[in-house]
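Before any comments, here is the structure.
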Amino acid sequence: MKQHNSSSQRWATNASRKTISAVAGASALLLVVGAGVSVASSHSNVIVNADGVSKPVSVWGGTVANALDKAGIEVGEHDLVSPAKSTSVADGQTITVTSAKAYTVKEDNGNQEIWSTAGSLQEVMDVLTDSGRDVVVAANRSAERTALPAVLSGAGSVQVSVDGKSKSVDVPKDATITEILEAAKVTPSPIDQVYFETGAEGPVVNVIRQKRGTVTEEKELDFKTIERETDELYEGESRVVQEGKKGSEKTVKYEQKRGDEVLVSSVVKQERTEPVDQIVEHGTKERPAEPEPTQAETQAPQPGAGTGSAPAGVWSALAQCESGGNPATNTGNGYYGLYQFSLSTWQSVGGSGLPSDASAAEQTQRAQILQQRAGWGQWPACASALGLL
């Protein structure tokens, strides 16, 4: 660290101090003089000036240290005393004490505390930047901002940066950090960090927000799908026997952040609702063989457009009961033709288009196919009336 010594400013380190001792020779103490002369020469009136406040002190012989004790001034190990404490006092002498202050300097390898008798942060910065490097000095010592020293040697503009956003403010000569922040309408909390920095365009007061408190995080937990086989379903068939349900996890953390950097994160409480698995079954039962097609199924239907009539006998009676024997019946209720086919049933027995557009012969043929597959129950009311059920 560079050492800077002057009457008003220095860096205090034990290695840099030189103690000048005033040593009187033993022979001088044995000079034969009058007693009155000896007493008068040992009494001195001095002025002690401590940080600009002067106080007269009378001492009987001794050193600067004796005068400081008599004045009730306690000197710290980094404070500047001129002349040195070991120097003998002389009548009419002025003793000057300049208190050193502690400053925190941010460096790449961490924070370092330095002591200086400089009168302002700007003076501290001037000394530290003699090497041409950027410097960051903590502006809030011991969380006390009201006692900060002046930072500027003259009026001008200062950049104030908060949460990465900067603004320029004009401040008077000898403005303090507190006054600069007030001019920028910035009020740091007691835990925020305030730094005085060198910048390309001049000094910068950088406020880094710190936050403490609880943070709640919630997230969904996906469910698993379990697939299994069952002989209750035919091959190719599937069913969901248990619907899946997502779970959740709620975590409450205590966090301490400096800007966007998380310094402390600790889980305070955690609540978890487990997801419910979805269960899907797939059939393994073999399907029964399809019956061989009958002659009626293989016989090509005769073309027509709802014409002709049902053959005599039971089919004629069934057609008469269902539709009045009209092959072109289409009442708009979703059922068509002689035997009142629905469109889906008509298509299941090989029909195309509308049943009411087919010939009576084709309608009877398709009805016979349906009866062979599913029985007379396809026409429950009329089949019962005709005694077919």
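For a test of the definition: using alpha carbon positions, the gyration tensor, and the 1.5 limit on a/c, classify the range 149-291 as rounded, prolate or oblate. Prolate, since a/c reaches 1.5 and a/b exceeds b/c. Can you bin the range 217-285 into rounded, prolate or oblate? Criterion: square roots of the alpha carbon gyration tensor eigenvalues sorted a ≥ b ≥ c, rounded for a/c under 1.5, prolate for a/b above b/c, oblate for the rest. Taking the square roots of the gyration eigenvalues as a ≥ b ≥ c, the range 217-285 is prolate. Can you list the lysines whose alpha carbon sits under 20 Å from that of Lys55, skipping same-chain ones fewer than 8 residues off? Result set, ordered by chain and number: Lys70, Lys85.
In this structure the amide hydrogen of Leu221, modeled in the peptide plane, comes within under 5 Å of the amide hydrogens of Gly247, Ser248, Glu249, none closer than 5 places in sequence on its chain. Please give every one of the lysines within straight-line cross-link reach of Lys167, meaning a C-alpha to C-alpha distance under 26 Å, and leave out same-chain neighbours fewer than 8 residues apart. Within the straight-line limit of under 26 Å, Lys167 reaches these lysines: Lys106, Lys185, Lys211, Lys257. Karplus-based coupling profile of the range 357-364, in residue order and whole Hz: 8, 7, 5, 4, 5, 5, 4, 5, with θ = phi - 60° in 6.51 cos²θ - 1.76 cosθ + 1.60 and x standing for Gly or Pro.
Here's the list of lysines a cross-link from Lys245 could span, going by alpha-carbon distance under 30 Å and ignoring same-chain residues fewer than 8 apart: Lys219, Lys224, Lys253, Lys269, Lys285. A convex hull fitted to the Cα coordinates of the range 301-385 yields 82 cubic angstrom per residue. Shape analysis of the range 190-251 places it in the prolate category; the axes a ≥ b ≥ c from the Cα gyration tensor give an a/c of at least 1.5, with a/b above b/c. If R0 is taken as 35 Å, the Cβ-Cβ distance between Ser99 and Ser189 corresponds to a FRET efficiency of 0.75.
Full extension of the chain between Ser238 and Ser166 yields a length gain of 19.5 nm, computed as 0.36 nm times the residue separation minus the alpha carbon distance.
The numbers here are math on the coordinates, done by the rules we state, and not lab data. This one's a predicted model, so the numbers in the text were calculated from it and none came from an experiment. Neighbour counts run over all protein chains shown; Cβ positions are idealised from the backbone, glycine included.
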